[in-house]
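Participant: This is the structure, below, for whatever I ask next.
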Amino acid sequence: MLELGDLIKDLDLRLVAGEGGLSNPVRWVHISEIEDPTPWLSGGELLLTTGMALGEPADQRAFIGRLAGHGLAGLGLGLGFAHDTVPPALREAAEEHSFPLLEVPYDVPFIAVTEKAATHIVNEHYAVLQHALSAHERLQRVVLSERGLDGVVEALAALISGPALIFDARGNELARCTHRKALGEEAAQELAGELRGRIDDGARRGYAPGGELDGRALALPVVRIPSADGEPAAPHAWLVGAKDSGPLGELDRLTLHQAVTVVALELLRRRVAEDTERRLAGDVLTAMASGELTGAELSRRLQPFGLNGHVGVLVLEPSRGVRGEVEQALSAAVREEARGGLAAATGQFSCALLSQPRGEDAEGFELAERVRAHVARAVGQDMAAGAGRAAPPGELRRSFHEARCALEARALSGGDKEASTPLLATYRDLGSFQLLLSLQDDDALRLFCDSILSPIEEGEGAYGGELMRSLEAFIESNGQWEKAARQLFCHRHTLRYRIRRVEELTGRSLDSARDRIDFWLALRGRELID
């Protein structure tokens, strides 16, 4: 920042009034001879004039008042043209307003003052640019070194000498570094609360936070791509930077704006890595659930994910509208809550495999509940889940089906409607399905399933598959015709015909609780042996 006192040091200019304003910053030097140049000035300029329009004392006083009121840095009066000396009225008004008034001798051209100011300002801007490039390179190295968001805020906090924080699109904190002075938890919560309030109001532009950080902080939105209509796009994260003391300087603000791009790159890199991992994990989970991967081969495929010991399975069944959001939240929950694991989707389920101590079912279920609660908070809605008991990696298929069936059994028992029912279902919720899971003889299990379901398949041939899907949807919907028909994309009368046909083929009645349980057990049992 170029101060007026520094500008006139090596120039043959004399201060005649307004000594208190020598520390005024000089943004630029402007030359004008009109009576009121302020409409063309933005403040911070040193104005140079010969005073041709300032003949009367009243005009001179009004001129000083206008310049001081507009925030100019000072006035330089060139002598030897309209005035041989500085008029008393001009001097008195400048002193009254503490507005610097300089005497510019005839032999000092205005261009000498302009050149010195321009050289200093250009050099200053060049230094800022160099610092900014250096800061940008440092932040880029953090991204390339894959130190994550923690590395970004750590580097940024050192660059601006103050706390740096990153929040997600909902206002949840992702990373924080407080530099030398700690940012109190109360102040951090106040900052997060203010941000959430602005997010709820649809904020898409940067702002200056209030509270403890008032006057020394800046919050900036992080967006992936600009909006097509020219309006700011909805942010998918927010970056907040502050000084430990005093206001943010020009370099600090420039560094923060550059850091926004770096944060966006890091979030993109993390998202691509997570998507790739989820796809690979999804392939493994799908193969495990279908029985294609078992034993030693399944153990080998799980080793790159750090799943070498006993593993528990957590299963959620999100609605279509939030599946992608749930998968991302589940990945984040596994990273933050578990010692090791993976998260991915298989079919309509979102699953997590969690590394657990051998034989510690209670501890494993506590971990599963923390992960479930983490996802619920991130998504913004309560969500039921099923947890299977820990098993060796090669035997995870049984744990997966235990978790899935526990979740389904909870829903069938009306658990979703009862506020007192725990949101995490376990083997305790399985009821008689535990019998099927405990059967080690696949032939015995196949015989049980075939005795109930084969009449449907043998009696209707290819159409038997449609009847089986209708039967499963009807049972999972607790006998609600409208709900089941919507799931099957058919009319309820069509569904009624199909269910009646199932009853005719099997000699069983779906009005009977016992027959409905048998059908459900047979359908689930088929999943274990297919």
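The values are calculated or read from the model by the stated rules, or taken from the named source; none is laboratory data. Every value quoted in this text rests on a predicted model; they were computed, and no experiment measured them. FYI the Cβ positions are ideal-geometry reconstructions off the backbone, even for glycines, and counts take in every protein chain you see. Heavy atoms of the whole protein, side chains included, go into the accessibility calculation; ligands, DNA and RNA do not. Shrake-Rupley method; radii C 1.70, N 1.55, O 1.52, S 1.80 Å.
Participant: What is the Cα radius of gyration of the stretch 244-288 over 2.2 N^0.38 Å, N being its residue count?
Facilitator: Ratio of Rg to 2.2 N^0.38 Å for the stretch 244-288: 2.01.
Participant: Could you tell me which label, among [x] 9; [y] 43; [z] 23, carries the value of percent of Cα pairs over 45 Å apart calculated for this structure?
Facilitator: Matching entry in [x] 9; [y] 43; [z] 23: [y].
Participant: Right, something else. Once each part is reduced to its C-alpha centroid, what is the distance from the stretch 180-224 to the stretch 333-412 in angstrom?
Facilitator: About 34 Å separates the Cα centre of the stretch 180-224 from the one of the stretch 333-412.
Participant: Counting heavy atoms of the protein chains only and a 1.4 Å probe, report the per residue accessible area for the chain as a whole number of Å².
Facilitator: Result: 49 Å² of accessible area for each residue.
Participant: Ok, one more. What does the highest-first list of 298-307, 113-122 look like by mean Cβ count within 10 Å?
Facilitator: 298-307, 113-122
Participant: Under the Kirkwood approximation applied to all pairs of distinct alpha-carbon atoms, what is the hydrodynamic radius of the stretch 65-106 in Å?
Facilitator: Result for the stretch 65-106, one decimal place: 10.7 Å.
Participant: Can I ask one more? Tell me, what are the semi-axes, in whole angstrom and largest first, of the equivalent ellipsoid of the stretch 177-223 as set by the roots of 5 times the Cα gyration tensor eigenvalues?
Facilitator: In descending order, the three semi-axes are 20, 12, 10 Å.
Participant: Still on this structure, please answer the following. Ranking request for peptides 42-51, 81-90: highest mean number of other beta-carbon atoms within 10 Å first, then the rest in descending order.
Facilitator: Final packing ranking: 42-51, 81-90.
Participant: Roughly how many percent of the accessible protein surface of the stretch 1-44 is carbon and sulfur, given a 1.4 Å probe and a whole-percent answer?
Facilitator: Here carbon and sulfur together make up 51 percent of the probe-accessible area.
Participant: Let me ask something else about it. What is the Å³ per residue value for the convex hull set by the Cα atoms of the stretch 197-351?
Facilitator: Each residue corresponds to 165 Å³ of Cα convex hull volume.
Participant: Kindly provide the pair-distance distribution of the stretch 286-344 built from C-alpha pairs, with 10 Å bins from 0 and whole-percent values in order of increasing distance.
Facilitator: With 10 Å bins starting at 0, P(r) equals 19, 48, 30, 3.
Participant: Another question, then. Averaging sequence separations of C-alpha pairs under 8 Å and six or more residues apart, then dividing by the length of the stretch 301-354, give the relative contact order as a whole percent.
Facilitator: Relative contact order of the stretch 301-354: 44 percent.
Participant: Leaving ligands, DNA and RNA out of it, report the carbon-plus-sulfur percent of the accessible area of the stretch 268-352 at a 1.4 Å probe.
Facilitator: 47
Participant: Gln189 versus Thr114, label points 7 Å from Cα toward the beta carbon: distance in nm?
Facilitator: 5.9
Participant: Counting helices only, and only those DSSP H runs with n ≥ 4, report the 222 nm mean residue ellipticity of the chain as the sum of -39,500 (n - 2.57) divided by its residues, in deg cm²/dmol to the nearest 500.
Facilitator: So the calculated ellipticity at 222 nm is -17000 deg cm²/dmol.
Participant: Based on the alpha carbons, how large is the Rg to Rh ratio for the stretch 294-405 when Rh follows Kirkwood?
Facilitator: With Rg and the Kirkwood Rh in hand, the quotient comes to 0.94.
Participant: To the nearest 20 Debye, how big is the dipole of the chain about its Cα centre, given +1 on the beta carbon of each Lys and Arg and -1 on that of each Asp and Glu?
Facilitator: In total the dipole reaches around 1780 debye.
Participant: Could you work out Rg/(2.2 N^0.38 Å) for the stretch 31-100, with Rg from alpha carbons only?
Facilitator: With N residues counted in the stretch 31-100, Rg over 2.2 N^0.38 Å equals 0.98.
Participant: Run the numbers on the stretch 45-115 and let me know its relative contact order in percent, using alpha-carbon pairs under 8 Å that are six or more apart.
Facilitator: The value is 37 percent.
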